[in-house]
Amino acid sequence: MYIELTEEQKIIKETAKSFATSELEPIASELDKGNNKDAYLNNIKKLADLGFMGLNIKNEYGGAEAGVVAFSLVISEIGRACASTAVTVSVSNMVCEVIESVGNKQQKEKYISKICSGEYLAGSFALSEAGAGSDPSSMTVSAVLDGAEWVINGTKLWTTSAPYAGVFVVWAVTDKNAPRGKGISCFLVDAGTSGLKIGREEDKLGQHASSTNEVIFENCKIPKDALLGQLNDGFKIALIELSGGRIGVGSLALGIGLAAMDYAAKYSLERKQFNHKISDFQAIQWMIADSYTELEAARLLLMSASFKKENNKSFSKEASMAKMFSTEAANKACYNAMQIMGGYGYTKDFPLERYYRDVRVTSIYEGTNEIQRVIIARDILKSFQN
């Protein structure tokens, strides 16, 4: 793999960086406090106008056709400025991708262009449940065919962007007698459908501007043709979606980690103790060296996974490796950055405490890092058995 960016990728990266610096960073702290939701949603629309909601989507559906590497670059740059905005952009891109991958022509034409254009401010995944997080095959939300309609019942949790999503990709059990994971199907449910209710918003540690809600289905009736992909093929769709989503989460974490270390490194050149800038001390230098080295390794892992996905090569193991390593490197970077800043880093007068809170969930969602290790080990061991 040649890791030098193409001219198009460089332009996309710089465009994302410019927008993040001028539009997102100045209001990130305000959004974190729960203020100015309109500005948050307005920036989502602006990002759609820039083509960032369908980076790996074909032009015929309103996408940018920029590829997976460009997607990773954009999410990292946005994540540097506002993790809450980055997660909405990442999930919406993945919603477009799964519809393009397994949807029929009518579904693609109806939904993808609306997300890419910003007509729909976001798309949402409704996969996790109270008893089905790391093990989605344990889900209990059901969909029963009643004549020309599917009737969905149950509750989903941890649904990103639920209050302002235009469409939900929903997983439900369609054959309760099938073996685990074999009787699950996937559906497209429009926002505002009767029987679909947006429930309680989670009071999270970080990423406050991004809404995370339970979604309740009470005899929610959708057309028979709302089935996405093949009947009882939903678990396979979920696994494919999660692999791609891990590139997004890793890229987001990378952006947060870089933002934290950039801030702390600059601070170390200004802060003096014992008549020296603290950047003169080896303890500080080693934290800077270790964190930037690990973040660079994370970037390369993300580029490798992105390149493989973009070129239709097997990438599941690489995506898990990139997600696991990137999120742990970013968590460590935020820890080191706060150590460098000392007590100031712990206060809300500086952005370090926000980075510290925002990064923590990246090692949890889109598959915990413990699950990533299982996936990686299973793939490696399988290679020795063939």
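Points to keep in mind about this one:
Residue by residue, here is whether (1) hydroxyl-bearing (Ser, Thr, Tyr); (2) over 24 Å from Ile3 (Cβ atoms); (3) assigned by TED's automatic domain parsing to the domain that holds Met287 holds:
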site	(1), (2), (3)
Ser316	yes, no, yes
Gln339	no, yes, yes
Thr347	yes, yes, yes
Asp358	no, yes, yes
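- Pair list, Cβ < 9 Å and 6+ apart or interchain, from the range 363-386 residues that are aromatic (Phe, Trp, Tyr) to residues that are surrounded by fewer than 14 Cβ atoms within 10 Å (Cβ to Cβ): none
- Taken together, Asn219, Asn275 contain a single residue that is polar (S, T, N, Q) and either in contact (Cβ under 8 Å) with a residue 24 or more places away in the chain or in contact with a Pro (Cβ under 6 Å, 6 or more places away or on another chain) (or both), which is Asn219.
- In the set Ala191, Ala209, only one residue is among the hydrophobic types (A, V, I, L, M, F, W, C) and within 24 Å of Asp146 (Cβ to Cβ); that residue is Ala191.
- For the range 194-230, the set of residues classified as surrounded by fewer than 17 Cβ atoms within 10 Å (Cβ to Cβ) and among the polar types (S, T, N, Q) consists of Ser194, Asn219, Gln230, listed by residue number.
- The set of residues from the range 85-133 being of a type in the set (S, T, N, Q) and part of a strand (DSSP E or B) comprises just one member, Ser124.
- Flag if Ala322 is farther than 22 Å from Leu205 by Cβ, surrounded by 20 or more Cβ atoms within 10 Å (Cβ to Cβ), touching a residue at least 24 places away in the same chain (Cβ under 8 Å) and hydrophobic (A, V, I, L, M, F, W, C): yes
- Figure legend. Inter-residue proximity from the range 52-67: first residues modelled with pLDDT of 95 or more, second residues outside any loop (DSSP other than H, G, I, E, B) and of a type in the set (Ser, Thr, Tyr), beta-carbon distance below 6 Å, spacing 6+ or different chains. Indicated pairs: Met53/Ser92; Tyr61/Ser113; Gly62/Ser113; Gly62/Ser117.
- Of the residues screened, Ser291 is one that is buried (at least 17 other Cβ atoms within 10 Å of the Cβ) and either at pLDDT below 95 or over 19 Å from Val74 (Cα atoms) (or both).
- Screening Asp358, Asp349 for residues that are under 28 Å from Val69 (Cβ atoms) and either out of contact with any helix residue (DSSP H, G or I) (no Cβ under 8 Å at 6 or more places or on another chain) or in a helix (DSSP H, G or I) (or both) leaves exactly one candidate, Asp358.
- Number of positions in the range 1-53 that are closer than 13 Å to Cys82 by Cα, in a helix (DSSP H, G or I) and of a type in the set (Lys, Arg): 1
- Failed condition for Ser314, given (1) assigned to a helix (DSSP H, G or I); (2) in contact with a helix residue (DSSP H, G or I) (Cβ under 8 Å, 6 or more places away or on another chain); (3) under 22 Å from Val68 (Cβ atoms); (4) not acidic (Asp, Glu): (1)
- Residues in the range 240-266 that are of a type in the set (Ser, Thr, Tyr) and either modelled with pLDDT of 95 or more or not assigned by TED's automatic domain parsing to the domain that holds Ile364 (or both): Ser251, Tyr263.
- Here Ile152 fulfils each of the conditions (1) under 30 Å from Pro351 (Cβ atoms); (2) out of contact with any Ser or Thr (no Cβ under 6 Å at 6 or more places or on another chain) apart from (1).
- Some residue of the range 194-209 being without any contact (Cβ under 8 Å) to a residue 60 or more places away in the chain, within 27 Å of Asn56 (Cβ to Cβ) and not assigned by TED's automatic domain parsing to the domain that holds Glu25: no
- Only residues that are part of a helix (DSSP H, G or I), buried (at least 24 other Cβ atoms within 10 Å of the Cβ) and of a type outside the set (Val, Ile, Thr) were counted across the range 54-76, and they come to 5.
- Hey, Phe307 at pLDDT 95 or above and either surrounded by 23 or more Cβ atoms within 10 Å (Cβ to Cβ) or more than 21 Å from the chain's Cα centre (by Cα) (or both) or not: no
The values are calculated or read from the model by the stated rules, or taken from the named source; none is laboratory data. On a predicted model such as this, the values are computed, not experimentally measured, just so you know. Please note: Cβ atoms are built from the backbone with ideal geometry, for glycine as well, and neighbour counts cover all protein chains shown.
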